[in-house]
2 protein chains.
Amino acid sequence: MIDALMIYSKLQKAIRKNFKSEEICDYFKDIFEDCSLFLSKTEKIDLLSKITDKKYFAFEREGKISRAVNQSLFKDDDGSITRFFKIMKEKKYDKLSARELTKAFYTIAQNFCCTIDLIKTGDQKTPGTYFEYLIGHTFSGFLDINPQNKIEVLNLDKKATLPTDFIFDLGVGKSKLHLPVKTSTRERVIQVWAHQRVLDGVYGSGRFIGILVCIAETKTNTRSREVIEICLPDQWKIYQMFISRLERVYYLDIPTPYEKLSKGFPQIIIKSFGEFFFEFNQLIKQSSYTSS
Amino acid sequence: MIDALMIYSKLQKAIRKNFKSEEICDYFKDIFEDCSLFLSKTEKIDLLSKITDKKYFAFEREGKISRAVNQSLFKDDDGSITRFFKIMKEKKYDKLSARELTKAFYTIAQNFCCTIDLIKTGDQKTPGTYFEYLIGHTFSGFLDINPQNKIEVLNLDKKATLPTDFIFDLGVGKSKLHLPVKTSTRERVIQVWAHQRVLDGVYGSGRFIGILVCIAETKTNTRSREVIEICLPDQWKIYQMFISRLERVYYLDIPTPYEKLSKGFPQIIIKSFGEFFFEFNQLIKQSSYTSS
């Protein structure tokens, strides 16, 4: 298991140099293969899913169990993920369906997160940062733009910058993307709307397209082995009405209570992550203003 | 040590029934005395303060050290705190100076927090909840109003409520207080401005007076035993400009970098907690609207 963590630290260095560099794909692939090998030697145990129409399992090793994994989204190692890394490197995402893309990203993300769950104790940070890298690199490669993680804020007295989640500047006259990435959100989600609010305030509403990307909102009771989803749809509506507006929320494993948010008022459009690649151009087009 | 935790669970029950009940003072007093006894049997060690003009120590027991305690704010057990609980019960805070009040609250809060640091591992929640109770009860008694922790939010289609920090409704035609209470804030502080923003959006700007109460922003490196303050004054300014407006931030141990925020633009008025009791009437008066 030392391998995956060693490659992870190389990945970290490469990312600091150039987020969209192609060698990063290779690091993700090597980490994936090492974690797969590790997980293949652990037990898979069924969890008691309290969520309608979703089945979950967990990896178990030496008395520890990993986070919950959605059975229908996690791909067994049939070589398809190895082929997926080639697609990622070439950014030819349209070779797969939205559903297949979502499954590939879900498998890659959970494969690493579950490994960390089993080899470390109480480490939420490493899985979180890894997932940020995975999504950040994907956007970066797809858009051919390196992200920023701080922006200048107008201040009459002195220069000030605000640390942010990923920001992708699509160029003069075009929208900018504000891309927060979280494994899960829980009550911390209000930060995402608050950051969007700051961007709207500083640069004008509509200038930044807010896109939140998450894995899932499951929570496992390690004793009873029950899996539930922790969701706050009514609070999300209040944030979308009174703080700012997110354009999209993409999940790898969409929580059932959030599915309905795409209808009704205020609308919060929740989709599977794989759909991003097929609607991105449209999303940019309808949000962009004309360059002067 | 079992005593303090046993009384704490009684306190919790009493608070659920009636936040402003006078018996709660007695529970605080009993907890204080038990924790004092416990701490008197531990070692006091000096920390290396990296903060100009502030000295810190910590309690040490069985290889564990507590959070940092400001030497000039923590009162040794000379009976003055026991007398303070009488003042708290009678709500006659003007018997003491603002400085003495701040020291009393600081001592009561840190006395419990340090005890938990030494008898539990990684428990941030119990100290946080205890501090919420302490400040919540103090406001509740002082204002003679029980707080709410959720408010109704207008929604055309159905009833909706938003969970909030403490809300004190001063009555028809008067302001309402929005009172978030945190042992320290770090990067989570944006939530406070975001909640204030929601209240402004739902009920109109100025209707809710936002008052944040914190203990300190110190961080101790347990190895090197250095104490620093983690502060983000530039980010606070951005939140105060672009998310919402907090009327006051009260600290028990004001972080040096935040002292300057009371001057300049945008103004964020930071004061010692003890000053609250002497400016409250003025604060309400200038913020209140006329009843119709």
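The values are calculated or read from the model by the stated rules, or taken from the named source; none is laboratory data. Note that the coordinates shown come from a computational prediction; the quantities given were computed from them, not determined experimentally. Cβ placement follows ideal geometry from the backbone for every residue including glycine, while neighbour counts extend to all protein chains displayed. Just so you know, the surface numbers come from the protein's heavy atoms only, side chains and all, with ligands and any DNA or RNA stripped out. Shrake-Rupley method; radii C 1.70, N 1.55, O 1.52, S 1.80 Å.
Name the residues in segment B:130-151 that are open to solvent by 30 Å² or more (accessible area, probe 1.4 Å) and closer than 12 Å to B:Ala109 by Cβ, would you?
Within segment B:130-151, B:Glu132 is the sole residue that qualifies.
Taking the stated definitions as given, is A:Asp123 at pLDDT below 95, within 14 Å of another protein chain (Cβ to nearest Cβ) and assigned to a loop (DSSP other than H, G, I, E, B)?
It is true that A:Asp123 is at pLDDT below 95, within 14 Å of another protein chain (Cβ to nearest Cβ) and assigned to a loop (DSSP other than H, G, I, E, B).
For a quick check of your reading of the model, give me the residue pairs whose first member lies in segment A:156-170 and is under 19 Å from A:Arg207 (Cβ atoms), whose second is modelled with pLDDT under 80 and not in a loop (DSSP other than H, G, I, E, B), with beta-carbon atoms closer than 6 Å and at least 6 apart or on different chains.
A:Ala160/A:Val153; A:Leu162/A:Val153
List the number of the failed condition for A:Ser292; all other conditions in (1) of a type in the set (S, T, N, Q); (2) open to solvent by less than 40 Å² (accessible area, probe 1.4 Å); (3) at pLDDT below 95 hold.
Against the list (1) of a type in the set (S, T, N, Q); (2) open to solvent by less than 40 Å² (accessible area, probe 1.4 Å); (3) at pLDDT below 95, A:Ser292 comes up short only on (2).
If you take the residues of segment A:241-261 that are within 14 Å of chain B (Cβ to nearest Cβ) and out of contact with any Gly (no Cβ under 9 Å at 6 or more places or on another chain), which of them is surrounded by the most Cβ atoms within 10 Å (Cβ to Cβ)?
A:Leu261
Can you say whether A:Lys91 is charged (D, E, K, R), surrounded by 12 or more Cβ atoms within 10 Å (Cβ to Cβ), over 17 Å from A:Lys219 (Cβ atoms) and touching a residue at least 40 places away in the same chain (Cβ under 8 Å), as far as the supplied structure shows?
Criteria met by A:Lys91.
State whether one or more residues within segment A:221-240 are closer than 17 Å to A:Pro255 by Cα and surrounded by 22 or more Cβ atoms within 10 Å (Cβ to Cβ).
Yes: one or more hits.
Out of the residues in segment A:262-289 meeting the condition of being surrounded by fewer than 18 Cβ atoms within 10 Å (Cβ to Cβ) and in a loop (DSSP other than H, G, I, E, B), tell me which one is farthest from the chain's Cα centre (by Cα).
Among those residues, the one meeting the criterion is A:Tyr289.
Taking into account only those residues within segment A:168-195 that are within 17 Å of A:Tyr250 (Cβ to Cβ) and part of a strand (DSSP E or B), which is most open to solvent (accessible area, probe 1.4 Å)?
Looking at residues that are within 17 Å of A:Tyr250 (Cβ to Cβ) and part of a strand (DSSP E or B), I get A:Lys182.
Which ones in segment A:196-218 are more than 17 Å from the chain's Cα centre (by Cα) and open to solvent by 10 Å² or more (accessible area, probe 1.4 Å)?
Correct list: A:Arg197, A:Asp200, A:Gly201, A:Val202, A:Tyr203, A:Gly204, A:Ser205, A:Gly206, A:Arg207, A:Phe208.
Could you figure out which of (1) within 27 Å of A:Lys10 (Cα to Cα); (2) out of contact with any Cys (no Cβ under 8 Å at 6 or more places or on another chain) isn't true of A:Gln191?
(1) is the only condition that A:Gln191 fails.
Here are some conditions: (1) modelled with pLDDT under 90; (2) in contact with a strand residue (DSSP E or B) (Cβ under 6 Å, 6 or more places away or on another chain). B:Ile230 meets all but one. Which one does it not meet?
The number of the failed condition is (1).
Within segment B:139-196, track down each residue that is within 13 Å of chain A (Cβ to nearest Cβ) and under 18 Å from B:Lys17 (Cα atoms).
B:Lys150, B:Asp165
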